Amino acid sequence: MNNKPDTMHPDEWRLRIDLAACYRLVALYGWSDLVFTHISAKLPASVTGGEDQFLINPYGLMFDEITASSLVKVDMQCNKVDESPYPVNPAGFVIHSAVHAVRPDAGCVLHTHTRAGVAVSAQKHGVLPISQQSTFVLASLAYHDYEGVAIRDDEKARLQADLGAASFLMLRNHGLLTVGKTIADAFLSMYTFENTCRIQVDALAGQDSAAALTAVDPQILSGVAHVMRVQTDGLGGAFVWPALLRKLQRENPGHDT
């Protein structure tokens, strides 16, 4: 926090610190894909004056070396807003800009290409109700069919329609995406989404079909939204975020520079 540039709004610096931490946590938990995929965070109106501006990763840096000061500020077309020595990847921002355009609640959009996530995205039945983790995902899950590498603007409308108001989006044959009001919310959702997929891959290993697994009672699924509010005391990702930041400071400090 002491390294905040004198000319930078404190709200932007706080967001930069949280987003840099999120990138490093994604790397720490093994969800990164070299320099590919993105986590975007929308800057508050107190910083932009009401314009749509976002922070994303500098293209070419590994997630575990991203810092608050190295993040790049871009507009809706992924054009740099401020001077930065780092390049950006406009093609990689297509999915994120599509989500931000129709979801004013999307303070953060987190996208991964993990082994388990892609594996489940390729399974016709999608996420199965076979674990406690899966019940949280199924409470707000949408699917989007694969249309090739997401670089075309014409795909945005279909992705937006498929996402709707969901917090979890499974990109078929591609990976996972979460939408959060805050960076902490998006991270906690991805933690749950990723573990849901890992559990499902393990549970299906050696089974003839999904029918061999024990499914959660549908009546339990219908009450999951209430359980989530009770479990996190209504705080969402903020419930666990301070502990995650302490873990990061122990294992990979320096994101807040």
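None of the figures in this text is laboratory data; all of them are computed from the coordinates on show. Treat the numbers as computed from the prediction; the structure is a model and nothing was measured. FYI the Cβ positions are ideal-geometry reconstructions off the backbone, even for glycines, and counts take in every protein chain you see.
Taking every Cα atom in the stretch 10-249, find the radius of gyration and the maximum pairwise distance Dmax, and write them in Å.
My reading of the Cα-based Rg and Dmax gives 17.6, 57 Å.
Work from the charge dipole of the stretch 10-249 (Cβ charges, +1 for Lys and Arg, -1 for Asp and Glu, about the Cα centre) and give the residue of 13, 104, 209 farthest towards its positive end.
It is 209, whose Cα lies furthest towards the positive end.
Over the chain, what relative contact order in percent results from Cα pairs under 8 Å that are six or more residues apart?
Numbers: 441 pairs, mean separation 56.1, N = 257.
RCO, the chain: 22 percent.
Would you mind checking the pairs 80/247; 42/73; 73/181; 42/80; 42/156; 4/42 and listing those with alpha carbons more than 21 angstrom apart? Could the numbers behind the result be given before it?
Numbers: 80/247 32 Å; 42/73 10 Å; 73/181 19 Å; 42/80 14 Å; 42/156 18 Å; 4/42 19 Å.
Exceeds cut-off: 80/247.
Give me the net charge for the shell around residue 77: Cβ to Cβ below 14 angstrom, other residues only, Lys and Arg +1, Asp and Glu -1.
Numbers: positive: 73, 80, 156; negative: 51, 52, 75, 153.
Within the 14 Å Cβ shell, the charges total -1.
If you keep only loop residues by DSSP, which chymotrypsin sites (Phe, Trp or Tyr not before Pro) in the stretch 141-171 have at most 15 other Cβ atoms within 10 Å of their Cβ? Please report the intermediate quantities before stating the final value.
Values: sites: 143, 146, 168; in loops: 146.
Filter output for the stretch 141-171: 146.
Under a Cβ-only charge scheme (Lys and Arg +1, Asp and Glu -1), can you give me the dipole magnitude of the chain about the Cα centre, in debye to the nearest 20? Don't skip to the end; give the middle numbers.
On the way: 20 positive and 27 negative charges, 74 e Å.
My answer is approximately 360 debye.
What is the sum of charges, Lys and Arg at +1 and Asp and Glu at -1, for the other residues whose Cβ falls under 15 Å from the Cβ of residue 42? Walk me through the intermediate numbers first.
Values: positive: 14, 16, 73, 103, 181; negative: 11, 12, 18, 51, 52, 75, 105, 185.
Around residue 42, the surrounding residues sum to -3.
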